[in-house]
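Below is one structure, written out as structure tokens; the observations come after it.
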Amino acid sequence: MALFGRRKKRTLVIGLDGVPHSLLQRFISDGTMPELAKLASSGHLSRMKVTLPEISAVSWPSFMTGVNPGTHGVFGFVDWKPDSYDIRFPNYRDLKAPTIWDRLGEKKKRSIVINQPSTYPAREVDGVLVSGFVAISLKKAVWPIRYVSDLQDMNYKIDIDTARAREDHDYLIDDLGYTLESRLRILEHFWKTEDWDYTEVVVTGTDRIQHYIWDALEDAGHRFHDAFIDYYRKVDEFIGRVVAKFGEVSGRPEGEGLFLLSDHGFCGIKQEVRVNRWLAENGFLEFEDDTPGSLEQVSKSSRAFALDPGRIYLNRKGRFPRGGVDDDAARSIIDEIKAGLSELTHEGEPVIERVFERDEVYSGPVADRGPDLLPVGNHGFDLKGTIKEPEVFGRTNLTGMHTWDDAFFWSKDEPEGEVEITQLAGKILEAAT
């Protein structure tokens, strides 16, 4: 089908990974993002909360299924192997709820989904799927597989080399621009070759630049300050071009069928907070070895431990091989950890905004697989699950961290009440059908 072929009811979703509502407001006000400013003036740019923990591995599945981890089954980038202290990496096959495009496929509607995180390895869809991070092989990231050669011919990149970009910021800036252009190239390609009803395209470079050089945003004298701003100008141009083409082919009134969102917010890091170190220093966590290499060396006397980015699990009988915590003891341990974390400070600042219990966050058939506690750091305090650092507080070379309460959502119509990420799938499906 040609890009400007017959008109049909179409829907477009643009995702900007990690972009905070507050930053967009700033860039609208100072003229950095004029295309987004046009959208904001003709629709509603809302602040949004996301599911916990506030990481892409959880937030994107919550968006694309419309349910929380207690139903869709993904609680983090890593999770426990059954009856073990060993970890595994959940993937798209672990998702236990249908996605937006699955449900549209049931209605014989075709979807184009480009660079969606948490969809690797790609599985069959009615249309086209190109997985986003964490995707290891392009050949396993594309459905149908016949499109792999097209993407290879166009030198499509799933993601930048994050290990290199973390150290080499000149490379980061150059590759972010190239990767963004490659998103537009394949979008235009699929819009010419596919007869589609729903398109979703996600930009992940926004998350990358913020993790590695958020400090450049705040410091006008920083070597990469102008490059940071310029990248957002390019993202704005990308939005403008995609929205304009969508308007030409959608046959819908301006803004109808169009949605933009992020999967979490962002802010600068003051300190990283090693939750397992805090648990160890406060008598909750012990290891069988003085220099443990992993949580597989947790001792039977341990009462609690954490997985990234601070998900706390009690060492429960029946769940873990050396679990010693029974249901009668669990309540007092939970209360003790909550009280202790609530009092944690750094240079006089409170570190923890709130400690959620599992039942406050998750509901559904697999909710009991989630952590017992989910502490949320105040802005600037980035929670980590590492066991190898000797101090509770410290820094790496990351300068930006995720936030759960400053994501954004744009739509033509004003949402009712506070916006949460699990609400969006229903709104999009209503617009697409």
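The values are calculated or read from the model by the stated rules, or taken from the named source; none is laboratory data. All values derive from a computational prediction rather than experimental measurement. Cβ coordinates were reconstructed from backbone atoms using ideal geometry, including for glycine residues, and neighbour counts include every protein chain displayed.
Reported count of residues in region 383-433, each being closer than 29 Å to H346 by Cβ and either charged (D, E, K, R) or assigned to a loop (DSSP other than H, G, I, E, B) (or both), is 17. Of the residues making up region 366-377, those that are within 16 Å of G340 (Cβ to Cβ) and surrounded by fewer than 23 Cβ atoms within 10 Å (Cβ to Cβ) number 2. Residue-level analysis places A339 among those that are within 21 Å of F381 (Cα to Cα) and of a type in the set (A, V, I, L, M, F, W, C). Please go through region 199-215 and pick out each residue that is touching a residue at least 40 places away in the same chain (Cβ under 8 Å), among the hydrophobic types (A, V, I, L, M, F, W, C) and buried (at least 21 other Cβ atoms within 10 Å of the Cβ). Within region 199-215, V201, V202, V203, I213 meet the criteria.
Criterion first (of a type in the set (D, E, K, R), out of contact with any helix residue (DSSP H, G or I) (no Cβ under 6 Å at 6 or more places or on another chain), more than 26 Å from A57 (Cα to Cα) and modelled with pLDDT of 95 or more) does E272 satisfy it? Even if it seems obvious, please write down each step before you answer.
On the way: of a type in the set (D, E, K, R): yes; out of contact with any helix residue (DSSP H, G or I) (no Cβ under 6 Å at 6 or more places or on another chain): yes; more than 26 Å from A57 (Cα to Cα): no; modelled with pLDDT of 95 or more: yes.
No.
Select from region 279-302 the residues that are within 21 Å of D382 (Cβ to Cβ) and in a loop (DSSP other than H, G, I, E, B) and list them in ascending order. Steps first, answer last, please.
Taking region 279-302 and keeping what is within 21 Å of D382 (Cβ to Cβ), we get 279-282, 284-285, 295.
Those that are within 21 Å of D382 (Cβ to Cβ) and in a loop (DSSP other than H, G, I, E, B): N282, F284, L285.
Taking region 303-336 on its own, how many of its residues are loosely packed, with under 15 Cβ neighbours inside 10 Å and in a helix (DSSP H, G or I)?
Going residue by residue through region 303-336, those that are loosely packed, with under 15 Cβ neighbours inside 10 Å are 317-318, 321-322, 326-329, 331-332, 335.
When the remaining residues are screened for being in a helix (DSSP H, G or I), the result is 327-329, 331-332, 335.
Of the residues in that region, 6 qualify.
Contact map, region 395-415: residues that are under 30 Å from E256 (Cβ atoms) paired with residues that are surrounded by fewer than 24 Cβ atoms within 10 Å (Cβ to Cβ) and acidic (D, E), Cβ distance under 7 Å, separation 6+ or inter-chain. Pairs shown: K412/E256. When region 244-272 is filtered for residues that are under 19 Å from T32 (Cβ atoms), crowded, with 20+ Cβ neighbours inside 10 Å and in contact with an Asp or Glu (Cβ under 7 Å, 6 or more places away or on another chain), the ones remaining, listed by number, are S262, G265. For the criterion of being under 19 Å from the mean Cα position of the chain (by Cα), of a type outside the set (K, R), surrounded by fewer than 17 Cβ atoms within 10 Å (Cβ to Cβ) and in the same structural domain as F228 (by TED's automatic domain parsing), D161 passes.
For region 337-361, which positions are free of Cβ contacts under 8 Å to residues at least 24 places away in the same chain and either part of a strand (DSSP E or B) or within 16 Å of L285 (Cβ to Cβ) (or both)? Result: T345, R354, V355, E357.
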